[in-house]
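Trainee: I have a structure here, written as structure tokens, and I will follow up with some questions on it.
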Amino acid sequence: MEWLNYHHLRYFWTAAKEGSLAAAAAKLHVSQPSISEQIRELEAALGEKLFRREGRNNVLTDTGHMVFGYAEDIFALGRELMNAVKQRPGARTIRLYVGVADSFPKLVTNEILKPVFALPQTVHVICREGKMEDLLAQLAAHRLDIVLADEPAASNTNFKTYNHSLGESGTTFCAEKKLAAKLRRHFPQSLNDAPALLPTENTSLRRALETWFREQQLQPRVVAEFEDLALMKVMAAEGRGFIALPSVAVKDAVGQYGFQAIGQTDHCRVQFHAITAERRIAHPAVALITSQARVRMKD
């Protein structure tokens, strides 16, 4: 049986975390050649390169990124062990690994996760954002406990997944105060030729919006499209155009970005799903999310 040398792993993890061998050497109070040798021995044991040269810098390879993710978990669990022994013997922290599809509204993610932090046990939540296919692969490898997405996992995936509906929401159109006041009059016709900041075409929200625009015979003037919905909100806060948000997230968006509502429709619906690798949910935090989300998602 092959054993992992955690000493080598810690040197690699520190170098990746600090951004350079020199910074890692200073952090660990060892020489830079010593760091290099330890990483080479780890690469030899794994049979894979963990860094590659890019200009004058060392950057992580794909395998390096994967190993770094595992190292983060390993050393976090070690810190948790020490804290549990020193402070509260017998009380183990619940770790919840959440994958969030990059098209999933982050304000909705926050709303869905709120009950988890009210559990009587201490909960440590690790959120990872990414493409749906990448998150599902991590779910299949048991690197994630749950994936939050705005569409269910396809039935033709290479591994078994289970979709759990978390509810759905209507859509509210928002903008910066001055633009919102202008577009609020004669809504929804006011959106015709109005500057729009929209999610990219590969998202379920964009598809729902396009269907609704056609039904209403509207053609907004698309100023920009975003995969990063947080950036979309930042630009909207500067008055560059209106945006569309799930109605359940509007209250938080108004408080955080100062938006004002233009109008709302229940005929443009956004769905929310939790995806797990198990039909019967054993993780207490995942069970709580799936049981309470429908109540919290009411708009």
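The values are calculated or read from the model by the stated rules, or taken from the named source; none is laboratory data. For clarity, every value in this text was computed on a predicted model and none was experimentally measured. As a convention, Cβ positions derive from the backbone with ideal geometry for all residues, glycine included, and neighbour counts pool all protein chains shown.
Trainee: Looking for whichever is within 24 Å of residue 231 (Cβ to Cβ) and assigned to a loop (DSSP other than H, G, I, E, B) here; the options are 134, 193. Which one fits? I'd like the intermediate steps shown before the answer.
Mentor: On the way: 134 fails: assigned to a loop (DSSP other than H, G, I, E, B).
After applying the criteria, what remains is 193.
Trainee: Something else about it: Can residue 208 be described as over 25 Å from residue 97 (Cβ atoms), in contact with a strand residue (DSSP E or B) (Cβ under 8 Å, 6 or more places away or on another chain), modelled with pLDDT of 95 or more and among the small types (Gly, Ala, Ser)? Talk me through it step by step, then tell me what you get.
Mentor: Numbers: over 25 Å from residue 97 (Cβ atoms): yes; in contact with a strand residue (DSSP E or B) (Cβ under 8 Å, 6 or more places away or on another chain): yes; modelled with pLDDT of 95 or more: no; among the small types (Gly, Ala, Ser): yes.
Judged against the criteria, residue 208 is not a match.
Trainee: Now a separate question. Pull up segment 270-297, narrow it to residues that are among the small types (Gly, Ala, Ser) and part of a helix (DSSP H, G or I), then point me to the one that is nearest to residue 187 (Cα to Cα).
Mentor: First, pick out the residues of segment 270-297 that are among the small types (Gly, Ala, Ser): 274, 277, 282, 285, 287, 291, 293.
Subset that is part of a helix (DSSP H, G or I): 285, 287, 291, 293.
Working: 285: 41, 287: 40, 291: 36, 293: 30 Å.
Of everything passing the filter in segment 270-297, 293 is nearest to residue 187 (Cα to Cα).
Trainee: Moving on to the next point. Looking at segment 176-188, which of the residues that are in contact with a helix residue (DSSP H, G or I) (Cβ under 8 Å, 6 or more places away or on another chain) and outside any loop (DSSP other than H, G, I, E, B) is farthest from residue 268 (Cα to Cα)?
Mentor: Taking segment 176-188 first, the residues in contact with a helix residue (DSSP H, G or I) (Cβ under 8 Å, 6 or more places away or on another chain) are 176, 182-184, 188.
Pick out the ones that are also outside any loop (DSSP other than H, G, I, E, B) and you get 182-184.
Values: 182: 22, 183: 18, 184: 18 Å.
Taking the candidates together, the pick is 182.
Trainee: Among the residues of segment 22-61, which ones are closer than 13 Å to residue 10 by Cα and either among the polar types (S, T, N, Q) or outside the structural domain of residue 12 (by TED's automatic domain parsing) (or both)?
Mentor: The answer is 34, 36, 38.
Trainee: Within segment 147-183, take every residue that is β-branched (Val, Ile, Thr) and farther than 29 Å from residue 259 by Cβ and give me the one that is modelled with the lowest pLDDT. Walk me through it before giving the result.
Mentor: Kept after step one, since they are β-branched (Val, Ile, Thr), are these residues of segment 147-183: 147, 157, 161, 171-172.
Next, from what is left, pick out any that are farther than 29 Å from residue 259 by Cβ: 157, 161.
On the way: 157: 74, 161: 87.
Among those residues, the one meeting the criterion is 157.
Trainee: Kindly indicate whether residue 249 is within 22 Å of residue 165 (Cα to Cα), in a helix (DSSP H, G or I) and assigned by TED's automatic domain parsing to the domain that holds residue 189.
Mentor: So residue 249 fits the description; yes.
Trainee: Mind checking which helices (runs of 4 or more DSSP H) fall wholly inside segment 11-125 and carry at least 3 residues that are more than 28 Å from the chain's Cα centre (by Cα)?
Mentor: Working: elements: 21-28, 32-46, 62-86, 106-113.
Fully inside segment 11-125 and qualifying: 21-28, 32-46, 62-86.
Trainee: Can I ask one more? Scan segment 257-269 and tell me whether some residue there is of a type in the set (A, V, I, L, M, F, W, C), assigned to a strand (DSSP E or B), in contact (Cβ under 8 Å) with a residue 12 or more places away in the chain and in contact with a Leu (Cβ under 7 Å, 6 or more places away or on another chain).
Mentor: As a first pass, look at segment 257-269 and keep what is of a type in the set (A, V, I, L, M, F, W, C): 259, 261-262, 268.
Adding the requirement that they be assigned to a strand (DSSP E or B) leaves 261-262, 268.
With in contact (Cβ under 8 Å) with a residue 12 or more places away in the chain added as a condition, the list becomes 261-262, 268.
Cutting the leftovers down to in contact with a Leu (Cβ under 7 Å, 6 or more places away or on another chain) gives us 262, 268.
The answer is yes, given that some residue of segment 257-269 is of a type in the set (A, V, I, L, M, F, W, C), assigned to a strand (DSSP E or B), in contact (Cβ under 8 Å) with a residue 12 or more places away in the chain and in contact with a Leu (Cβ under 7 Å, 6 or more places away or on another chain).
Trainee: Can you name every residue in segment 106-128 that is in contact with a Ser or Thr (Cβ under 9 Å, 6 or more places away or on another chain) and crowded, with 17+ Cβ neighbours inside 10 Å?
Mentor: The answer is 108, 123.
Trainee: Further question on the same structure: Condition check: of a type in the set (A, V, I, L, M), in a helix (DSSP H, G or I) and in contact (Cβ under 8 Å) with a residue 12 or more places away in the chain. Does residue 198 satisfy that?
Mentor: Details: of a type in the set (A, V, I, L, M): yes; in a helix (DSSP H, G or I): no; in contact (Cβ under 8 Å) with a residue 12 or more places away in the chain: yes.
The answer is no for residue 198.
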